[in-house]
Amino acid sequence: MRPLSFRTRLWVGHVVVLAVMLASAAFGADWALRRVILGRVDEEILALANTEAAALAENPAMPLRILEITPGPPSFVRLDKLVQITDLDGRVAARSATLGSARLPASPELLARLRNGETVFGTVTDFAEPIRMVSLPVDVGGGRYAIQIAMSLDDAYLATRVGRWLFLSMSVVILVVIGLTGVLLARNALRPIDQMVRRAHRIGEANLADRLPHPGTADEIGRLVETLNDMLGRLERSFAVRRMFSADASHELRSPLSRLRAELEVALRRPRAVAEYEETLRSCLDEVERVQSMIEELLELARIDTNEEQELPEPISVTDLVEAALFAVRPRAQQQGVTVVADPLPDLLVNAAPVATKVALTNILDNAVKFSPAGGQVRVAVTSADDEAVIAVSDAGPGVSPEEAERVFQPFYRGRASRSTGAPGVGLGLAISRVLVQRQGGRISLNGSDQEGATFRVHLPRASRLHERDLESTTSS
């Protein structure tokens with residue numbers, strides 16, 4: 001069975017709730033109307049009973065008789081009364097002409113309550129017609145009697161039936177009208193979603209620049225469309241970066257392979273001396289090592305992107321992280337004649353994955369050493385700001401222009417300094433560092449300028465105060 005659509009479920013739920021509300025209102029109105037009508041009947045017959053009692057009290061010496069009262073103006077209850085006077089043993093002393101030969105019931109229980117002085121109301125259904133009766137005890141000429149007044153309930157029941165059908169028909173009409181209105185409202189309210197669905201079916205990788213139609217309102221649907229369009233924008237940029245990444249990777253791999261093939265073809269064109277073959281093989285080996293290094297970095301970046309074996313952050317001393325990165329980069333710095341120094345490191349704890357953070361810092365330091373000239377200096381400083389620790393790496397290289405400050409973190413991007421100095425590398429180190437740091441809740445910023453030197457800052461979240469106090473106590477002991 002095909003499940004109901006959201007529009008149908010919304011309409012059915014709306015109609016069911018409305019039907020329950022209308023049914024409750026109809027039953028409540030019917031109960032209230034019934035109470036009002038029967039209350040009016042009770043008031044009428046009690047008033048007549050009091051009138052009969054007053055007439056008997058005015059002439060206690062006269063024989064008991066019924067006071068014939070001319071009916072008043074017509075109302076929704078019939079005022080043709082049935083009157084009976086009995087003693088408290090149940091013997092009829094007088095009755096109205098409207099009773100004929102019939103008599104109103106006087107059960108032993110009723111007589112017992114009358115003897116106690118109670119005024120008793122009751123509904124009699126086994127009479128010629130349903131009647132409402134009141135029994136009122138009175139004292140007349142030293143004797144105790146009961147005045148019984150009854151009225152037919154036919155008109156009262158007819159009024160309640162008419163009211164019941166009126167309430168029912170009104171409820172049905174209201175339910176039908178609001179149900180049809182609900183269909184139109186649901187269709188109009190969900191029409192923008194239908195348009196979004198149709199447009200979303202047509203959006204694919206080839207036309208990610210398309211956007212969902214905006215309804216032109218600032219309501220929930222409008223915000224949903226804006227959110228989905230923002231998501232499409234992020235996907236478009238992600239696919240653009242992926243296509244650029246694929247193109248750059250193909251170019252970077254094709255260049256050394258082309259050089260490798262060209263050198264081998266040149267070497268095989270004619271016989272050569274052993275020394276020339278050795279030189280060619282060494283050049284080919286350099287190209288192979290460059291390709292191998294590039295592939296390893298690509299695999300590392302792919303492993304990071306797929307969250308494989310992701311290292312969990314833990315409280316660790318920022319001093320340990322910096323010293324580990326310095327230890328890894330100093331051999332290359334010595335080969336290039338670059339000095340790597342660190343300012344006094346504060347006792348700070350950060351939440352970081354030790355291995356991943358060391359790789360990120362090492363890549364940044366290696367980048368700084370690579371672009372610093374011989375005799376230059378790379379400086380590392382650690383400061384704290386708000387709830388993060390900042391590791392600043394400053395070099396003495398040619399600097400990074402503001403236009404390139406963001407692009408240097410893109411895979412395979414090699415800036416103006418790389419092209420002008422011929423520094424080795426394929427442009428993956430900073431991209432890997434940024435991903436590793438962002439995975440731990442940190443970030444990398446760059447203060448670049450066209451002047452000499454650039455400063456990379458690694459922002460890492462600090463650990464809790466409790467962990468820092470533990471570190472201070474361990475250091476002091």
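Couple of notes before you dig in:
- Two-site label geometry, S107 and R243: point separation in nm, points 7 Å out along Cα→Cβ: 9.3
- Put in order of Cβ neighbour count within 10 Å, fewest first, the listed residues T227, T98 become T227, T98.
- Spin-label pair D387/A57, simplified geometry with 7 Å Cα→Cβ offset, distance in nm: 8.6
- Annotation: extensible slack from R34 through Y157 equals 43.4 nm (criterion: 0.36 nm per residue apart, minus Cα-Cα distance).
- Net charge of Cβ neighbours under 14 Å - reference P344; Lys, Arg +1; Asp, Glu -1: -2
- Stretchable slack from A19 to D286, in nm (0.36 nm times residue separation minus alpha-carbon distance): 87.9 nm
- What the phi angles of the stretch 41-51 give under the Karplus curve with 6.51, -1.76 and 1.60, with θ = phi - 60°, is a coupling list of 4, 4, 5, 5, 6, 5, 5, 5, 5, 5, 5 Hz, glycine and proline written as x.
- Ordering H201, H459 from the fewest to the most neighbouring beta carbons within 10 Å gives H201, H459.
- Each residue of the stretch 196-202 was assigned a 3J(HN,Hα) from its phi angle through the Karplus expression (A = 6.51, B = -1.76, C = 1.60, θ = phi - 60°), giving 4, 5, 4, 5, 5, 5, 8 Hz with x at Gly and Pro.
- On a per residue basis, the convex hull of the C-alpha atoms belonging to the stretch 6-159 measures out at 140 Å³.
- With contacts taken as Cα pairs under 8 Å and at least 6 residues apart, the stretch 109-195 reaches a relative contact order of 17 percent.
- Amide H contacts of A94 (H built 1.01 Å from N, under 5 Å, at least 5 apart or other chain): I85
- By the count of other C-beta atoms within 10 Å, a proxy for reagent exposure, E278, E388 are ordered fewest to most as E278, E388.
Where a number appears in this text, it was derived from the coordinates with a stated rule and is not lab data. These numbers come from a predicted model, not from an experiment. We place every Cβ from the backbone using ideal geometry, glycine too, and count neighbours over all the protein chains shown.
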